[in-house]
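Structure, as structure tokens:
What follows is calculated from the coordinates using simple rules that are stated; it is not laboratory data. As the structure is a computational prediction, the values presented were derived from the model and not from experiment. Because the Cβ atoms are built from the backbone with ideal geometry, glycine has one as well, and the counts that use them run over all protein chains shown.
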Amino acid sequence: MELPLFHLYGDPPDPRAFNFVHAETIPARCSLHHWSISVHRHANLLQILVIERGGGEIQYGAASAAFSAPAVIVVPPTVAHGFRFQSSTAGWVVSFTEDVARMFGDGSGDAIACLKRPAMDPVVPVAESAGIARLSELCACLNEEGLLSRDGFRIAMNGYLALIAIEVRRLVTSRDQSAAHLNDVVVEKLLILIESHFRSQRLLNFYAAKLAMTSDHLNKHVKRITGLTAGQMIRQRVLTEAKRLLAFSDQPINEIAYDLAYADPSHFVRCFRKDTGVTPRTFRQRRAGSLWPTG
């Protein structure tokens, strides 16, 4: 049976979500579901859970693990996950689309690169109480900006998210180094190649050749590790860049098409509409009405 696909848990999926940042306390949603969150997926949301008190159990893919405070849990997009929380659990859930990193100045994607990949163990213990207190404070500030919606709140939210992502990245890196636990080498190299070549190279055999693998072997390997094929990862990166250019530049749509190596603008329009449900022009018009001043 197909696993439920949500935007936020309980909300319908939104494949067109873009520049989305959200923070809420763990009890705010979980207490409504008797502290049990059924196994589900998010198509395009990355989530960070900050566990201040309590604990519980996470089901992550086909595995399960217990967790207790203080800890951080990282859930990348598309990964099946569910929770059973102790009723005493306190903390935060921060959810965001991965394109947001490029809006807070991380043009290369380094700040959240390690958070975008599935890890064998999503639970990251936090050794020092000061570390979890700092993360909780940042989450509270992010949440407050969203609730109050004061002038410049979107910029402030992205700033707080940047700090949260960097803090969690440091925790993950420290955990992985101390445990000698490394991310999958093939996926790591593929992501680097995609970031360097996605504007000009769409064909899977280009990336497979760079990795000394057949296209079929590369697709199967990446699907086993991430839940996505290598081809899907390439297309997702191109789509994210297309959205960014449409939303935050005045570049003509036909130029965007050629810059992203589409055969012609009509091909770009067809592919974009297939993935998002709207044309590039409609997407740009909708975004123009919701962007905040940058100066």
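Of note:
- Crossing angle, helix 129-148 versus the chain [Cα axis fit, 0-90 degrees, rounded to tens]: 60
- Residues 253, 155 in ascending order of nearby Cβ atoms (within 10 Å, fewest first): 155, 253.
- Overall, segment 121-240 carries a charge dipole of about 640 debye about its Cα centre when +1 sits on the Cβ of Lys and Arg and -1 on the Cβ of Asp and Glu, all other atoms neutral.
- Panel note: the C-alpha atoms of segment 1-100, placed on their principal axes, show extents of 35, 30, 22 Å (largest first).
- Estimated 222 nm signal from helices in the chain, with DSSP H stretches of n ≥ 4 weighted -39500 (n - 2.57), rounded to 500: -14000 deg cm²/dmol
- Net length available on complete extension from residue 249 to residue 217 is 7.7 nm, with 0.36 nm assigned per residue and the Cα-Cα distance removed.
- Rounded tilt (10° steps) of 230-248 against the dominant C-alpha axis of the chain: 80
- Dipole axis of the chain (+1 Lys, Arg; -1 Asp, Glu on Cβ), positive-most option in 165, 247, 68: 247
- Local electrostatic count at residue 255 - Lys and Arg +1, Asp and Glu -1, tallied over other residues with Cβ under 15 Å: 0
- Positive minus negative residues near residue 160 (Lys, Arg vs Asp, Glu; Cβ under 10 Å): -3
- P(r), alpha carbons of the chain - 10 Å bins starting at zero, rounded %: 6, 26, 35, 24, 9, 1
- Relative contact order [Cα under 8 Å, 6+ residues apart], the chain, whole percent: 15
- Largest-first principal axis extents of the Cα set of segment 185-288 (Å): 41, 22, 21
- Here the chain is scanned for GluC sites (Glu not before Pro) in DSSP loops (not H, G, I, E, B) that have at most 11 other Cβ atoms within 10 Å, and the longest stretch holding none of them is 129-295.
- Estimated D of segment 5-178 in µm² per second, where Rh is the Kirkwood radius over Cα pairs and Stokes-Einstein applies at 4 °C, 1.567 mPa s: 81
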